[in-house]
Amino acid sequence: MKKKILKLSEIKKVVEKQDFLIPTGDIILDYILGGGLPCSLTVITGTPGSGKTTLALFFAKVLLQKNFEVWYFDIEKQLNPKWVLKILDTKNEEQKEDNFILCSPKHFEDMVFTINKEIFNQKSKKDNDFRKAFIWDSVAGTPLKSESEMIERTTEKTDLLKEFSMTGLSRVLSIVLKDFVSKLTYLGIPSIVINQFRQKVDFSPKFGKLLRSIFGEKGNAPGGFALKHHAFIYIETLRGPSERDLGFWVILRVLKNKQNKPMETAYFFSYDYGFDTHLNLIKLAIKEELIEKSGGWYKWEDKNFRINELIEYIIKNDEQKKKIEEFILSKFDVFKGIKNILEEREEDEEIEGEKIIIEEESNV
């Protein structure tokens, strides 16, 4: 993008050139996102084990279905290939499988070079019937080139080196993201950045309660404020209560949204399917007492189903699915299911906070 000045008519052409919002096909996610995934910067942050990577893979699946080429930058090298295949579920469609590209750059500069060459360069391939997108996993695990070389030269990876890395990356991001995000929006490239909370250094027992009331309990998100400032959508994931061997509830909080008001919802994370649209609808319908659950049986429309049978029934019957969706959305503003889950989460946090205070007082 060579032009530095754009007239309103030119901006209008850029917006109309491609669909800026990409519907996910999940009515709950589309509702809290304001219509779909934007062709700009989306940041997913949260604690370990709260479903950040799986949510990013769910978005990747949507993009593949929309004929996007998705680049996944796995800098942490912790991505489970079996879980990726299970979530994406391309059903042996060669074109969609070839459009998912897994890349493991050594450092931040290496990743930026690849993005400029393969993604920002829209004419890098002769067959350009598809658009491009990328996922960066993750900010916390990405060293700068100088720091990566330093790590290779030394045998002791000290805590001081890690702190230096986070400080250096924060400064670089604040400089790079200005032009970076404008290119994403101008070219219509969906980008998803995964970040995570880092645990804070433990406070002293004497002033622990006071400092936690000022700085909070969650910890620090690497990358500074630059990511949140430049993000089009900023999502925070929190792990909620679990349900035996089925999965657990994830609280999705959209803290920043340039196309909609900030919102939050609860989404059921399945150990078998990850973020599954139909299973989540069933779970929300149970919370709102639209579907009756008795043991391993689920009653809907005067018929009893096992969970897998009910999922297949809803998939095959669009009218039944729409009926559940309309009911859920009608209850969304006064969503008892979400409130109950949030209350359970708050109670757990209060109990943990009380335990910490008791331990501090005993140490004193």
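The values are calculated or read from the model by the stated rules, or taken from the named source; none is laboratory data. All values derive from a computational prediction rather than experimental measurement. No Cβ is skipped: glycine too gets one built from the backbone with ideal geometry, and neighbour counts run over all protein chains shown.
Only one of the numbered conditions (1) out of contact with any Leu (no Cβ under 8 Å at 6 or more places or on another chain); (2) in a helix (DSSP H, G or I); (3) modelled with pLDDT of 85 or more is not met by residue 42, and that is (2).
Reported count of residues in the range 104-120, each being farther than 17 Å from residue 40 by Cβ, in contact with a Lys or Arg (Cβ under 6 Å, 6 or more places away or on another chain) and either among the hydroxyl-bearing types (Ser, Thr, Tyr) or part of a helix (DSSP H, G or I) (or both), is 2. Of all the listed residues (104, 146), the sole one being at pLDDT 90 or above and small (Gly, Ala, Ser) is 104. Residue 265 fulfils the conditions (1) among the polar types (S, T, N, Q); (2) without any contact (Cβ under 8 Å) to a residue 12 or more places away in the chain; (3) assigned to a strand (DSSP E or B) except for a single criterion, (2).
Scanning the range 63-93 for residues being surrounded by fewer than 21 Cβ atoms within 10 Å (Cβ to Cβ) and assigned to a helix (DSSP H, G or I) gives a total of 9. Given the structure, is residue 283 touching a strand residue (DSSP E or B) at 6+ places or on another chain (Cβ under 8 Å) and part of a strand (DSSP E or B)? In short, no.
The set of residues in the range 307-334 being surrounded by fewer than 12 Cβ atoms within 10 Å (Cβ to Cβ) and in a loop (DSSP other than H, G, I, E, B) consists of 333, 334. So, residue 304, is that one assigned to a helix (DSSP H, G or I) and more than 17 Å from the chain's Cα centre (by Cα) or not? Here the answer is no, as residue 304 does not meet what is asked. Taking residues in the range 104-117 that are within 15 Å of residue 181 (Cα to Cα) and among the polar types (S, T, N, Q), and partners anywhere that are modelled with pLDDT under 90 and not in a loop (DSSP other than H, G, I, E, B), not one pair has Cβ atoms closer than 6 Å while being at least 6 places apart or on different chains.
Scanning for something closer than 29 Å to residue 21 by Cβ and in a strand (DSSP E or B), does the range 218-228 turn up at least one residue? Step through it out loud before you land on a result.
First pass over the range 218-228, keeping only residues closer than 29 Å to residue 21 by Cβ: 221-228.
Next, only the ones that are in a strand (DSSP E or B) stay: none.
Within the range 218-228, not a single residue is closer than 29 Å to residue 21 by Cβ and in a strand (DSSP E or B).
One residue stands out among those in the range 234-245 that are modelled with pLDDT under 90, within 17 Å of the chain's Cα centre (by Cα) and more than 14 Å from residue 283 (Cβ to Cβ): the one that is surrounded by the most Cβ atoms within 10 Å (Cβ to Cβ), which is 238. Quick check on residue 179: is it surrounded by 14 or more Cβ atoms within 10 Å (Cβ to Cβ) and either at pLDDT 75 or above or outside the structural domain of residue 45 (by TED's automatic domain parsing) (or both)? Judged against the criteria, residue 179 is not a match.
A quick yes/no check of all residues on (1) modelled with pLDDT under 80; (2) not aromatic (Phe, Trp, Tyr):
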{"position": "191", "(1), (2)": "no, yes"}
{"position": "203", "(1), (2)": "yes, no"}
{"position": "210", "(1), (2)": "yes, yes"}
{"position": "219", "(1), (2)": "yes, yes"}
{"position": "223", "(1), (2)": "yes, yes"}
{"position": "247", "(1), (2)": "no, yes"}
{"position": "258", "(1), (2)": "no, yes"}
{"position": "264", "(1), (2)": "no, yes"}
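Could you say whether any residue in the range 283-302 is touching a His at 6+ places or on another chain (Cβ under 9 Å) and surrounded by 13 or more Cβ atoms within 10 Å (Cβ to Cβ)?
To start, the set of residues in the range 283-302 that are touching a His at 6+ places or on another chain (Cβ under 9 Å) comprises none.
Looking through the range 283-302, none of the residues is touching a His at 6+ places or on another chain (Cβ under 9 Å) and surrounded by 13 or more Cβ atoms within 10 Å (Cβ to Cβ).
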